[in-house]
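The structure appears right after this line, and notes come after that.
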Amino acid sequence: MRVTEKKPLVYDVVVVGGGSAGVAAAVGAASCGAKTLLLERNPFLGGQATNCSIPTYDGFFTRAEPYQQVVGGVGQQVIDKLSKMKACQPPLRSPWGNVMLPVNNEAVKVALDACVEESGAAFLLHTRVIGASVSDGRITALECIDDSGKFTVEADAFIDASGECNLVAMAGGETFTPKPDDMQVGTLLIRFGGVSAAADLRPQCFKDAITKAKAQGLGPFSKDSGFVMRVPGSQDVIAILANERVNGLDSASLTAAEIGARKQSRAYLDALQKFLPGFEQAYINQTGPQIGIRETRHATGEYVITGDDVVQARRHEDAVARGCWPAERHSDAGALASYQWVLNDSYYDIPLRALKNASLNNLWGAGRAVSCDLVAFASLRVMGTAFATGHAAGVAAALHAKTGCAEPTQVRHELLQQGAMI
């Protein structure tokens, strides 16, 4: 449902951020019968998947052999729509054994639009949230802006799915930001066209080519190798190579990182054309369009998921979602990611307490705004898990808006009714 008149706006549930978590939250809340509004600052939904051209959805499947699907609900709705558009390939394993779901980013935009519209939730693109009104520990309204000016949105319950915990910060909720050396680096994805089908895309082949390029004084390069995958039905490959240390909350830092990463992308093209067979006729089809930001500030919930919870595959009585991706940390701009694996390549529970904000009693976090430590965050941040936490946050917020409370048993029951896996 599209909003045609913006003033005044009053809803049961308002979701800030239209990435995987925000879409799932809006659909989950609307499916409970709540009058729901989703706010997104970009011209399309999808978050990092569409803003940064991420070629896969991670976190839907465990690393086990055979793998197990652990995310359903709204996430499954999106997969089903993509499959009907022939825009979702069978799961594949990375060189490190993780199971990923290749998707077409342009189709993702259409699928997410359809999911939200069909749920009955309203959504506004091109809309920024610039302030929050708080009274007696509750958010009462958001101040928003588009090119026509400012307007206000009131609601009974709110969800921060912004990725940067923007709503929590605006409302005065507790947040923390890692030290610069602890913050995960950003990456600009590079899509190369004109790559021969015979080109060897193994990480070692890239490392050999970049080593030769460095010996000839070419650069700048942040790292010697990275994950590279072919785009089905084309001569394109997508490479995760150009890293930048960046503060994703600061425009000056983002500007420098975007410029630096684009310089790297040209240097990588030059190196691969010269030293990797099959790339002689390659060209850059696309970068980004935005550098991928993995981590900024974090929110504090009623429970903080720990790295031990993740790697020990812990279960919780108030579980409302599952996570299965290993703790994948990109801490060094010049190196590949480090991994901590989930016990038995299984999954861990995500409790409702970690979604519920600790200081604002009508606010839930989803996606990167779930309460967790830095190790757990390295697992929780991926999009499959974001669909799951967003769905749970949406249901919890809707129940709170209706009844004034969101008990775990009620949330779990409704999630199961909506096809979630918990």
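The values are calculated or read from the model by the stated rules, or taken from the named source; none is laboratory data. In this text, all values refer to a predicted model and were calculated from it rather than measured experimentally. All Cβ positions, glycine included, derive from the backbone under ideal geometry; neighbour counts span all protein chains shown.
Residues considered: ASP136, ASP147. Of these, the only one that is in the same structural domain as ASN344 (by TED's automatic domain parsing), without any contact (Cβ under 8 Å) to a residue 12 or more places away in the chain and either over 21 Å from ALA25 (Cα atoms) or of a type in the set (Val, Ile, Thr) (or both) is ASP136.
Does segment 306-319 include one or more residues that are at pLDDT 95 or above, surrounded by 21 or more Cβ atoms within 10 Å (Cβ to Cβ) and within 30 Å of ILE422 (Cβ to Cβ)? Spell out the reasoning first.
At the first step, the residues of segment 306-319 found to be at pLDDT 95 or above are 306-319.
Okay, now just the ones that are also surrounded by 21 or more Cβ atoms within 10 Å (Cβ to Cβ), so 309-310.
Next, from what is left, pick out any that are within 30 Å of ILE422 (Cβ to Cβ): 309-310.
Yes.
One line per residue, one yes/no per condition, for (1) over 20 Å from ASP208 (Cα atoms); (2) among the acidic types (Asp, Glu); (3) modelled with pLDDT of 95 or more; (4) not in a loop (DSSP other than H, G, I, E, B):
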{"position": "THR255", "(1), (2), (3), (4)": "yes, no, yes, yes"}
{"position": "ILE259", "(1), (2), (3), (4)": "yes, no, yes, yes"}
{"position": "LYS263", "(1), (2), (3), (4)": "yes, no, yes, yes"}
{"position": "ALA267", "(1), (2), (3), (4)": "no, no, yes, yes"}
{"position": "LYS274", "(1), (2), (3), (4)": "no, no, yes, yes"}
{"position": "GLU280", "(1), (2), (3), (4)": "no, yes, yes, no"}
{"position": "ILE284", "(1), (2), (3), (4)": "yes, no, yes, yes"}
{"position": "GLU295", "(1), (2), (3), (4)": "yes, yes, yes, no"}
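Screening segment 29-47 for residues that are buried (at least 22 other Cβ atoms within 10 Å of the Cβ) and touching a strand residue (DSSP E or B) at 6+ places or on another chain (Cβ under 6 Å) and picking the one that is farthest from ASP236 (Cα to Cα) gives ALA34. Taken together, VAL71, VAL13, VAL108 contain a single residue that is in contact (Cβ under 8 Å) with a residue 24 or more places away in the chain and in a helix (DSSP H, G or I), which is VAL108.
Just to check your reading of the model, which residue among SER119, SER148, SER135 is in contact with a helix residue (DSSP H, G or I) (Cβ under 8 Å, 6 or more places away or on another chain) and over 30 Å from PHE227 (Cβ atoms)?
Values: SER148 fails: in contact with a helix residue (DSSP H, G or I) (Cβ under 8 Å, 6 or more places away or on another chain); SER135 fails: in contact with a helix residue (DSSP H, G or I) (Cβ under 8 Å, 6 or more places away or on another chain).
Residue meeting the stated conditions: SER119.
Tell me which residues, restricted to segment 171-197, are more than 30 Å from GLY131 (Cβ to Cβ) and under 19 Å from the mean Cα position of the chain (by Cα). Residues satisfying the conditions are VAL185, THR187, LEU188, LEU189, ILE190. Can you find a residue that is surrounded by fewer than 20 Cβ atoms within 10 Å (Cβ to Cβ), part of a helix (DSSP H, G or I) and within 23 Å of the chain's Cα centre (by Cα) anywhere in segment 240-251? There is at least one residue in segment 240-251 that is surrounded by fewer than 20 Cβ atoms within 10 Å (Cβ to Cβ), part of a helix (DSSP H, G or I) and within 23 Å of the chain's Cα centre (by Cα).
Give, as residue ranges, the strands (runs of 3 or more DSSP E) completely inside segment 304-422 that count at least 2 residues that are among the polar types (S, T, N, Q) and under 21 Å from the mean Cα position of the chain (by Cα). Explain how you work it out, then say what you get.
Values: elements: 319-323, 327-329, 338-340, 348-351, 363-365.
Of the strands (runs of 3 or more DSSP E) lying wholly inside segment 304-422, those with at least 2 residues that are among the polar types (S, T, N, Q) and under 21 Å from the mean Cα position of the chain (by Cα) span 338-340.
All conditions but one from (1) touching a strand residue (DSSP E or B) at 6+ places or on another chain (Cβ under 7 Å); (2) among the hydrophobic types (A, V, I, L, M, F, W, C); (3) surrounded by fewer than 17 Cβ atoms within 10 Å (Cβ to Cβ) apply to ALA114; the one that does not is (1). Restricting attention to segment 93-103, the residues being out of contact with any helix residue (DSSP H, G or I) (no Cβ under 7 Å at 6 or more places or on another chain) and assigned to a loop (DSSP other than H, G, I, E, B) number 4. Here ALA155 meets each of (1) touching a Leu at 6+ places or on another chain (Cβ under 9 Å); (2) assigned to a helix (DSSP H, G or I); (3) touching a residue at least 24 places away in the same chain (Cβ under 8 Å) with one exception, condition (2).
Would you pick out the residues in segment 252-303 that are over 25 Å from the mean Cα position of the chain (by Cα) and of a type in the set (S, T, N, Q)? Hits for segment 252-303 are GLN273, GLN281.
For segment 146-164, indicate whether the set of residues that are of a type in the set (Val, Ile, Thr) and more than 30 Å from SER83 (Cβ to Cβ) is non-empty. Full working, then the answer.
Of segment 146-164, the ones of a type in the set (Val, Ile, Thr) are 152-153, 159.
With more than 30 Å from SER83 (Cβ to Cβ) added as a condition, the list becomes 152-153.
Yes; the residues of segment 146-164 include at least one that is of a type in the set (Val, Ile, Thr) and more than 30 Å from SER83 (Cβ to Cβ).
The listed residues are ALA401, ALA388, ALA397, and the only one of them that is buried (at least 24 other Cβ atoms within 10 Å of the Cβ) and farther than 21 Å from LEU37 by Cβ turns out to be ALA388. Among the residues of segment 204-237, those that are under 26 Å from the mean Cα position of the chain (by Cα), farther than 30 Å from LYS179 by Cα and touching a residue at least 12 places away in the same chain (Cβ under 8 Å) comprise MET229, ARG230, VAL231, PRO232, SER234, ASP236, VAL237.
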